[in-house]
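**Student:** The structure that follows is given in the form of structure tokens.
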Amino acid sequence: MAAAPSPSAVPTVPGSPPPPAPAPVPSPTRLLDVRTVFAEPAALDSARGRDVLARFPGVEIVEVPSHWQIPELNGNEGNVERWVRVKTETLVLGVKKSLSARPNSRSSNWIAPSTANGCAMACAYCYVPRRKGFANPITVFTNIEQITGYLRRHVARQGVKTEPDQCDPVSWVYDIGENSDCSVDALVSDNVADLVATFRELPTAKASFATKYVNRELLDLDPQGRTRIRFSLMPDADSKVIDVRTSRIAERVAAVDDFVEAGYEVHLNLSPVVLREGWEADWADLLRRLDDTLSPAAKAQAAAEVIMLTHNRDLHEVNLGWHPKAEDLLWRPDLQQPKRSQNGQWNVRYRNDVKRAGVERLQELIAHHAPWLRVRYAF
């Protein structure tokens, strides 16, 4: 995928003729046809930044003081009308300024410092665009050596895990993809490969990330059991409407055995669970497909997270501008109530009684159709 550095990345002497236009390069995926890269100067000067630019020769490079301060992207309400185009044609390069690992208690013990945020996919329920406002293409953080060095030191300070918990019985689990999808990030840079290599050498910890995209290049990274990939699943009828630009559900299910064989621990995110007419029958069909499809090896190490839909009023308004059909599923004031999230935002989720009944019913379906699937937590 790598190519020669982009001529547009090399400063030209004033008055000199412009460099020749590069030959067209096929896009590595339908998700990306990068035309513009907004970049902090320090990110441009870094080895990882140059590596990213080499994958997309001929792009326009726009220097910006901060990846958070890009008027063309952040707070630009007009981007709603070109929501997917921004994700397809734009990348951002930045430097991660603050490195910290936040405690967590659900999917992981810790949220690792991000090596990227934003996404080229466009799931209608995604919480990430709420932070950047109207556009969230992929931002790659180029100071990967600082991030992996911090993680090694943080893991060392934890010592050996002495008591099992719902995250893992023996290892400290670090979520490396809270604000992005690592499978897609790996199309843009080697940050994910470096993270997998880092955790391969940490016997007391493992990396973890959820994904809705099947990137088979990850099969070559040799994780040796130290990276957990969580394939997000839902009935195909829901996915076709709200999982925009993702791998289809059948492709995700078909990939599970291959990733187990390649040395990943593979869990399943049953997420988000959307309550609508016929949801129970469709989830039963999906669980039966898993039972019929997955190998004994995959089933033996599998575990699941059950996550009921959480939505957001601001995102609801954004979606009405580019994908109103999704809101027929996601916006249900008759079933939902306000909820303040862990980061202080006001979201909406199913009412307590509705949510409790939904969780119980899905757990019953799992017990009946996929009894081998251990539920790590449900909320």
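The values are calculated or read from the model by the stated rules, or taken from the named source; none is laboratory data. On a predicted model such as this, the values are computed, not experimentally measured, just so you know. Heads up, the Cβs are rebuilt from the backbone with ideal geometry, glycines too, and the neighbour counts pull from every protein chain shown.
A quick yes/no check of all residues on (1) farther than 21 Å from R245 by Cβ; (2) surrounded by fewer than 19 Cβ atoms within 10 Å (Cβ to Cβ):
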{"site": "I307", "(1), (2)": "no, no"}
{"site": "H311", "(1), (2)": "no, no"}
{"site": "V318", "(1), (2)": "no, no"}
{"site": "G321", "(1), (2)": "no, yes"}
{"site": "P324", "(1), (2)": "no, yes"}
{"site": "Q337", "(1), (2)": "yes, yes"}
{"site": "S341", "(1), (2)": "yes, yes"}
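**Student:** Criterion first (in contact with a helix residue (DSSP H, G or I) (Cβ under 9 Å, 6 or more places away or on another chain) and under 30 Å from P169 (Cα atoms)) does N79 satisfy it?
**Tutor:** Numbers: in contact with a helix residue (DSSP H, G or I) (Cβ under 9 Å, 6 or more places away or on another chain): yes; under 30 Å from P169 (Cα atoms): no.
No: the conditions fail for N79.
**Student:** Something else now. Quick one: in the range 267-304, of everything that is touching a strand residue (DSSP E or B) at 6+ places or on another chain (Cβ under 8 Å) and within 14 Å of W372 (Cα to Cα), which residue is surrounded by the fewest Cβ atoms within 10 Å (Cβ to Cβ)?
**Tutor:** So the residue we want is Q301.
**Student:** So the check is Cβ under 7 Å with 6+ separation or different chains; which pairs have a first residue in the range 362-376 that's farther than 18 Å from W279 by Cβ and touching a residue at least 12 places away in the same chain (Cβ under 8 Å) and a second one that's acidic (D, E) and buried (at least 17 other Cβ atoms within 10 Å of the Cβ)?
**Tutor:** Correct list of pairs: R376/E305.
**Student:** Return yes or no: is G278 at pLDDT 95 or above, small (G, A, S) and touching an Asp or Glu at 6+ places or on another chain (Cβ under 9 Å)?
**Tutor:** On the way: at pLDDT 95 or above: yes; small (G, A, S): yes; touching an Asp or Glu at 6+ places or on another chain (Cβ under 9 Å): no.
No.
**Student:** Something else now. Applying the selection to the range 149-176, what residues are surrounded by fewer than 24 Cβ atoms within 10 Å (Cβ to Cβ), assigned to a loop (DSSP other than H, G, I, E, B) and among the β-branched types (V, I, T)?
**Tutor:** Within the range 149-176, V160, T162, V170 meet the criteria.
**Student:** Another question, if that's okay. When the residues of the range 231-250 are filtered to those that are over 17 Å from the mean Cα position of the chain (by Cα) and not β-branched (V, I, T), which remaining residue is nearest to F199 (Cα to Cα)? Spell out how you get there, then give the answer.
**Tutor:** Taking the range 231-250 and keeping what is over 17 Å from the mean Cα position of the chain (by Cα), we get 235-238, 240-241, 250.
Among the residues that remain, those that are also not β-branched (V, I, T) are: 235-238, 240, 250.
On the way: P235: 32, D236: 33, A237: 36, D238: 34, K240: 34, A250: 29 Å.
Applying the filter and picking the extreme gives A250.
**Student:** Right, V260: surrounded by fewer than 19 Cβ atoms within 10 Å (Cβ to Cβ) and closer than 25 Å to E178 by Cβ or not? Steps first, answer last, please.
**Tutor:** On the way: surrounded by fewer than 19 Cβ atoms within 10 Å (Cβ to Cβ): no; closer than 25 Å to E178 by Cβ: yes.
Criteria not met by V260.
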